[in-house]
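Novice: Quick one: the structure is below, and I'll ask about it shortly.
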Amino acid sequence: MLNVDIIKASLLLSLLAFSLILLSACSSTVRVEDAALAEESLTVSSDLVSSQPVIPPKPRLQTDLSVGSPDLKWWRESMKRRDERINWWQDARFGCFIHWNASSLLAGEWKGEVYMGYAEHIQRMAQITQKEYSEEAISKFNPTEFDAEVWARVIKDAGMHYVVITAKHHDGFAMWDTEVSEYNIVDATPFGRDPIAELKAACDKYGLYFGVYYSHAFDWGEPNGVGNDWEWHNPGGNRGLFGGLHWFDEHPELVPKYRQYLEEKSIPQVVELIQKYDPDLIWFDTASKMPLEETLRVLKVVRETKPDIVVNSRVTFQGTVDFRDNHFGDYLSTGDRAVIFRPVNEPWETCPTTNESYGYHQHDKSHKTPDYLIKVLARAVAKGGNILLNMGPMGNGQIDPADVKIFEGIGRWMDVNGVSIIDAGRTTLTVQPWGESTLSGNRLYLQVFDWPKDGIIRIGGLNTSIMQAYMLNDASKTQLGHRRLDRQTVELTLGGSEPSIGHAVVVLDVEDATDVDDHRLVSTQMDTLLHGFDSEMLGLGYNYGDGKVNRDYIAGWNGQNQKLIWKVYLLKPAVFDLSLEYERIGAPGDFRVTVGDQVFQATTKGEANKAWFSDYTTQLLGRLELPAGKHILEFAPVGSPTRELLRFRALHLKPEHAER
């Protein structure tokens with residue numbers, strides 16, 4: 001039998017090679033997050049690419065996973081039509097994710113105990129046996145208040161253009177009339193209706209693209225499915241049996257058992273969903289639970305069944321926590337609940353939630369405001385992404401009133417400003433002191449998150465000439481006054497007043513939207529946050545937080561020529577308090593921030609933190625004096641840390657004497 005470590009390394013090399021086909025040669029960090037919040041990081045350098053055959057150990061499928069493999073010719077051929085295939089999806093820009101199944105009836109509570117987190121994971125969190133789950137959730141699930149047309153209207157009125165609903169989540173229960181298994185909503189519940197068919201018809205009626213979510217590699221309801229380790233001693237669960245995340249490398253002899261699950265349930269149901277409902281998109285999840293060669297079989301069947309269906313990156317090698325580029329899908333899925341994003345040079349999508357659970361959770365009252373989610377939407381589009389905003393309907397079939405209120409608020413803003421989202425994409429401008437921007441041709445949409453007290457904003461990095469400027473909410477298109485302050489800066493006077501919901505949007509038609517400067521304007525009037533995700537990263541070995549709140553960081557510091565840089569400029573001299581925001585996760589270590597001849601060297605403080613979610617430390621570094629003009633700020637470790645130095649979030653520049 002081949003050495004397992006060699007096989008694991010070879011598979012990683014092969015995956016990297018495929019990322020080079022998709023994008024460009026670069027260092028790639030793989031970060032894996034499973035539903036139980038396990039974490040593992042692996043770093044692969046781009047110079048370790050092998051063209052030798054990469055074949056898993058027997059009795060795993062003897063598929064050659066190397067670059068250029070004849071076994072993967074079908075995939076390379078399918079990617080030739082990728083751009084054409086995803087065209088509708090990119091134009092749609094804003095969609096609705098729906099997590100709804102029998103777990104919605106339990107609503108995050110089991111036998112009087114509340115389980116915070118993902119309510120749709122209640123079976124796993126409470127370790128409910130299949131018999132109990134069937135008796136207390138499945139057999140009592142009767143969502144008589146479900147009305148697909150009401151759902152479709154709420155979604156449409158929110159300004160969304162596509163829908164993805166859970167056809168089968170990790171509990172293995174089918175939310176449609178499947179012939180593959182009797183474990184479905186028609187045969188196993190008193191409801192007896194097919195909500196997937198009804199929602200598909202409603203989406204067609206209201207002009208919404210329709211997609212289905214299918215958990216293809218993770219199934220707690222099947223003895224041969226991966227994940228249920230509390231009842232059937234299966235791998236892929238919280239207990240980390242048989243080697244944990246890489247059980248199929250440590251114990252390849254177990255794979256045939258779980259291959260049987262794919263062949264008898266997962267693949268037949270995927271084919272059935274496509275043939276029966278003709279979805280525009282299929283959204284897979286948690287593929288890291290199964291070997292790569294097995295999940296590739298699922299993708300191949302999808303391509304054979306409907307070549308033009310759009311497929312997300314989680315169909316294979318699921319770990320999308322750090323926007324990693326190794327995948328075989330049509331676009332990149334972020335980690336769950338990401339709201340802060342680093343630049344990605346391919347189509348991508350984030351899937352935030354209205355609260356902190358995907359499924360309905362009666363005890364989770366952490367709902368975001370429409371204003372907050374509108375800003376997340378604008379930030380995503382500014383970096384070229386889609387947003388699939390999740391709601392979790394209740395067990396009776398109604399949409400949670402809290403979600404209806406959020407969707408209505410977003411819809412009121414989208415009625416006026418939706419063109420700046422749906423008809424726009426990645427901007428050419430840097431991050432601005434007052435917010436972000438989106439772009440359509442030579443039309444910039446200025447997303448003014450922070451309305452200035454004097455009604456004046458300064459647009460940094462804009463070299464090109466302005467043809468016209470007006471508020472998007474002004475039907476008369478009254479032209480806004482503006483004047484050029486220097487080669488790259490324009491001062492513009494806003495019209496009207498700050499909106500009551502969301503933020504203001506300015507339409508800025510310019511001569512050439514590509515004629516911009518890459519230096520970011522630093523305000524002397526308000527604090528500037530120089531986020532790590534907005535830096536230029538030099539060196540190799542980085543890994544990244546998934547973009548959740550308190551997980552928007554850069555890690556993997558090894559000191560080998562690593563450096564973050566930000567290009568900035570000022571219109572006038574200013575003095576700032578310079579601070580670093582970070583998490584210390586190892587032994588104390590030294591770092592420095594350099595701006596010209598000013599050097600700020602310090603040692604990380606506080607207690608080392610190894611938790612996934614925690615508050616950052618903000619450490620004052622000193623007084624930074626900057627003259628007018630262009631500057632480069634640099635952050636780097638001192639020496640070569642032998643252990644993780646920190647999780648870097650941002651530098652903060654706080655003006656010593658703000659003008660307002």
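Novice: Obtain the radius of gyration and the Kirkwood radius of the range 540-592 from its C-alpha atoms and give Rg over Rh.
Specialist: My calculation puts Rg/Rh at 1.02.
Novice: Obtain the nm distance between the two label points defined at VAL599 and SER366 by a simple spin-label model: each point lies 7 Å from its Cα along the Cα-to-C-beta direction.
Specialist: With each label placed 7 Å out from Cα toward Cβ, I get 4.2 nm.
Novice: Here's a follow-up. Any idea how far apart VAL638 and LEU241 come out in nm if each label point goes 7 Å out from Cα toward Cβ?
Specialist: It is 5.1 nm.
Novice: Determine the sum of side-chain charges near THR603: Lys and Arg each +1, Asp and Glu each -1, restricted to other residues whose C-beta is under 13 angstrom from that of THR603.
Specialist: +2
Novice: So, in Å, what gap is there between the alpha-carbon centers of the range 88-138 and the range 399-441?
Specialist: 29
Novice: Given R₀ = 56 Å, FRET efficiency for TRP74-HIS657 by Cβ-Cβ distance, to 0.05?
Specialist: That gives a FRET efficiency of 0.30.
Novice: Hey, what's the per residue convex hull volume over the C-alpha atoms of the range 528-655, in cubic angstrom?
Specialist: 98
Novice: Given 4 °C and 1.567 mPa s, how large is the Stokes-Einstein diffusion coefficient of the range 289-391 in µm²/s, with Rh as the Kirkwood radius over Cα pairs?
Specialist: Once the numbers are plugged in, D ends up at 86 µm²/s.
Novice: Okay, moving on. Do you know the relative contact order of the range 144-235, to the nearest whole percent, from alpha carbon pairs under 8 angstrom that are 6+ apart?
Specialist: 30
Novice: For HIS169, HIS251, which order do you get if you count the other beta carbons within 10 Å of each Cβ and list the fewest first?
Specialist: With the sparsest Cβ surroundings first, the list reads HIS251, HIS169.
Novice: Check cross-link reach from LYS654 to the lysines: straight Cα distance under 30 Å, and skip same-chain residues fewer than eight apart.
Specialist: Partners within reach: LYS368, LYS375, LYS383, LYS453, LYS548, LYS563, LYS567, LYS572, LYS605, LYS610, LYS630.
Novice: While we're here: How high is the relative contact order of the chain, given as a whole-number percent (alpha carbon pairs under 8 Å, six or more residues apart)?
Specialist: Computed value for the chain: 12 percent relative contact order.
Novice: What does the charge add up to near VAL419, with Lys and Arg as +1, Asp and Glu as -1, over the other residues with Cβ less than 14 Å from its Cβ?
Specialist: Around VAL419, the surrounding residues sum to -2.
Novice: Per DSSP H run of n ≥ 4, the term is -39500 (n - 2.57); total these for the chain, divide by its residue number, and report the mean residue ellipticity at 222 nm rounded to 500 deg cm²/dmol.
Specialist: Per the formula, -6000 deg cm²/dmol.
Novice: Which whole-number percent gives the relative contact order of the range 423-538, counting Cα pairs below 8 Å spaced six or more residues apart?
Specialist: Averaging sequence separation for qualifying contacts and normalising by length gives 32 percent for the range 423-538.
Novice: Could you let me know the centre-to-centre spacing of the range 334-354 and the range 555-601, using Cα atoms, in angstrom?
Specialist: Measuring centre to centre over Cα atoms gives 26 Å.
Novice: Using Cα positions and a limit of under 22 Å, work out the lysines in reach of LYS289, with same-chain residues fewer than 8 apart set aside.
Specialist: LYS8, LYS58, LYS168, LYS257, LYS265, LYS300
Novice: Another question about this same structure. For HIS503, what is the net charge nearby, where nearby means another residue's Cβ is under 11 Å from its Cβ and Lys, Arg count +1, Asp, Glu -1?
Specialist: My count for the surroundings of HIS503 gives -3.
FYI, it's all coordinate maths here, none of it is from the lab. This structure is a prediction, so every number in the text was calculated from the model and none was measured. As a convention, Cβ positions derive from the backbone with ideal geometry for all residues, glycine included, and neighbour counts pool all protein chains shown.
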